[in-house]
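All remarks here apply to the structure that follows.
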Amino acid sequence: MATLFIADRAVIGGLARGETAVLEDGGEIVAVGDPHVVAEDPRATTATVVRWRRKAIVPGTVNAHNHSFQSLLRGIGDDLPFLAWRDRALYRYSPRLDAEGMATAALFAFGEMLLHGVTTVCDFYYLNAGGNDHASATIEAAKRLGMRVVMARCFYDWDGAPASYRETVPQAVSNFQALHARYHDRTRRRVSVQPAPHSQHGASAAMIEAGAGCARDAGVPWHIHLAEEQYQVAQSLERFGARPLHAVAKLDVDLAAMNVVHACWFDEGERALLAERGGRLAYCPGSNMFLGDGITDVVDLAARGVTIGLGTDGGCSNNRVSVFDEMRACALLQKVARTDGQAITAEAVWTMGTTGGARLLDLPVGEIAPGLRCDLVAVDLDDPSLWPEQALAKNLVYALSSRAITDVVVDGDVVVADRRLTRVPLDEIQARVRHLTSDWSRDEGADAS
Ligand SMILES: [Zn+2]
């Protein structure tokens, strides 16, 4: 059954326009334009009509990097140095989670994201416990909510991390292949499975090559954290005799299929190499600021033609889950880094949070156009954060309050209506989070060092 969405305004191709209709059939956008013209499409005659008065339709945003379980740790390890945060919050509580806990974390993280207008999330997933039960529970939670998900299944073998993170190379490969075979959806693209060798410290050279090899075999991108903290550059020079990207480039991997996460400390040579080899960046400005990591030179990377997407990163290193927030954070951080208010524009960061993320994840989403999947967000034009209305496109980036986000559509299905999740009651998610984390505390974490 087709659906015809009509709103008083829309933002398409980064530009605001007047009354607009979007017709979807089977989750695919089949027509966009003036409501009178779209109404003449034969598929519109039997379509369900959703009329959004005093609202604007914009593309669903794409969260290119997240760790869903970390939402459970929000507030528990804040204001600590990176290694203390990791040891006291992450390594302490994450091994306690079972498959049901993972489902709770995913319902929480993804449910909150939907309410903030995120329609696609890439979950970089390293709590695999040697199998696929946890990742499967996470995917099932996304399906229950109606969210589009990319499961970036981690390849991890560093023995300094909890045992539940680690696998051998053959285990990681066969588990990835099994998960990919079970869930990767080539038609509606609601679920994708992509490999994610964790980082230079979390994955050995053999593990990174195995992850990139699985990506090549499956015809999908792969993900890796690189140069997030300054010490990681020193560590790479010491262990591999080369800076992070140069060290990875020496391996048997395809950089054109690679999504680098963070890259805060890439030097000019690494930025040039990333551009030259067609690698892409998942940029997490909110998390980088929260953890005091550093400032990726996004303006330079963009000028070199590198495709950039935006990620919120985990819920305990941001601590927000909105890609609209990341657009704003990205612009502000780049402007202050260069002490130049014109260093980057609202249009540039809007592209990163929508089509940029879609390109990273190799998904036909991020824009409102025929042939793409129908992922939409409706915003309330009567919300003061979007006034004056003639500056709608700029205001969505710099001024939008999440309060203005009213409805969310994923693959043609309305998954948020009038600011409420339609598939899973928020009360249920709240009760599950409360139950699961009732004995978790900052103090216990702090004592654990
Ligand atoms: Zn990450």
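List of remarks:
- Test for residue 61: is it polar (S, T, N, Q) and farther than 25 Å from residue 309 by Cβ: no
- Taken over the stretch 185-203, residues that are more than 16 Å from residue 260 (Cβ to Cβ) and buried (at least 17 other Cβ atoms within 10 Å of the Cβ) amount to 5.
- Residue match in the stretch 373-384 (condition: touching a residue at least 60 places away in the same chain (Cβ under 8 Å), open to solvent by less than 40 Å² (accessible area, probe 1.4 Å) and within 15 Å of the chain's Cα centre (by Cα)): yes
- Failed item, numbered, when residue 172 is tested on (1) crowded, with 24+ Cβ neighbours inside 10 Å; (2) closer than 30 Å to residue 290 by Cα: (2)
- Residues within the stretch 271-290 that are among the hydroxyl-bearing types (Ser, Thr, Tyr) and part of a helix (DSSP H, G or I), tallied: 1
- When restricted to residues that are of a type in the set (Phe, Trp, Tyr), under 27 Å from residue 423 (Cβ atoms) and within 15 Å of the ligand (Cβ to nearest atom), the stretch 60-118 contains 1.
- Test: residue 224 is closer than 30 Å to residue 411 by Cα and either crowded, with 18+ Cβ neighbours inside 10 Å or away from the ligand (no atom under 16 Å from the Cβ) (or both): yes
- Filter result (of a type in the set (Ser, Thr, Tyr) and under 21 Å from residue 231 (Cα atoms)) within the stretch 269-324: 283, 287, 296, 317
- Restricting the search to helices (runs of 4 or more DSSP H) fully inside the stretch 337-449 and requiring at least 1 residues that are among the hydroxyl-bearing types (Ser, Thr, Tyr) and over 30 Å from residue 95 (Cα atoms) gives 346-351, 392-398.
- Residue ID - farthest from the ligand (Cβ to nearest atom), chosen from residues in the stretch 245-267 that are open to solvent by 30 Å² or more (accessible area, probe 1.4 Å) and touching a residue at least 24 places away in the same chain (Cβ under 8 Å): 252
- Every test in (1) more than 25 Å from the chain's Cα centre (by Cα); (2) open to solvent by 10 Å² or more (accessible area, probe 1.4 Å) is passed by residue 14 save one, and that test is (1).
- If you go through the stretch 279-315 and pick out every residue that is at pLDDT below 95 and open to solvent by 10 Å² or more (accessible area, probe 1.4 Å), you end up with 3.
- Test: residue in the stretch 168-180 that is small (Gly, Ala, Ser) and under 22 Å from the mean Cα position of the chain (by Cα): no
- Residue match in the stretch 153-173 (condition: assigned to a helix (DSSP H, G or I) and within 16 Å of the ligand (Cβ to nearest atom)): yes
- Count of the stretch 317-345 residues, restricted to those that are more than 17 Å from residue 399 (Cβ to Cβ), surrounded by fewer than 24 Cβ atoms within 10 Å (Cβ to Cβ) and within 16 Å of the ligand (Cβ to nearest atom), is 1.
- Residues that are at pLDDT below 85, farther than 14 Å from residue 160 by Cβ and open to solvent by 20 Å² or more (accessible area, probe 1.4 Å) within the stretch 85-97 comprise just one, 88.
- Every residue from the stretch 271-306 that is within 16 Å of the ligand (Cβ to nearest atom), among the small types (Gly, Ala, Ser) and under 19 Å from the mean Cα position of the chain (by Cα): 282, 286, 287
- Helices (runs of 4 or more DSSP H) contained in the stretch 195-270 and holding at least 3 residues within 21 Å of the chain's Cα centre (by Cα): 205-218
- Where a residue in the stretch 45-71 is open to solvent by less than 10 Å² (accessible area, probe 1.4 Å) and its partner, wherever it lies, is of a type in the set (S, T, N, Q) and within 13 Å of the ligand (Cβ to nearest atom), with Cβ under 6 Å and at least six apart: 63/312; 66/312
- Residue 144 being more than 16 Å from the ligand (Cβ to nearest atom) and surrounded by fewer than 24 Cβ atoms within 10 Å (Cβ to Cβ): yes
- Check on residue 259, in contact with a Pro (Cβ under 9 Å, 6 or more places away or on another chain) and among the polar types (S, T, N, Q): yes
- Total residues in the stretch 351-372, condition of a type in the set (A, V, I, L, M, F, W, C) and more than 14 Å from the chain's Cα centre (by Cα): 3
The values are calculated or read from the model by the stated rules, or taken from the named source; none is laboratory data. All values reported here derive from a predicted model rather than from experimental measurement. No Cβ is skipped: glycine too gets one built from the backbone with ideal geometry, and neighbour counts run over all protein chains shown. Just so you know, the surface numbers come from the protein's heavy atoms only, side chains and all, with ligands and any DNA or RNA stripped out. Shrake-Rupley method; radii C 1.70, N 1.55, O 1.52, S 1.80 Å.
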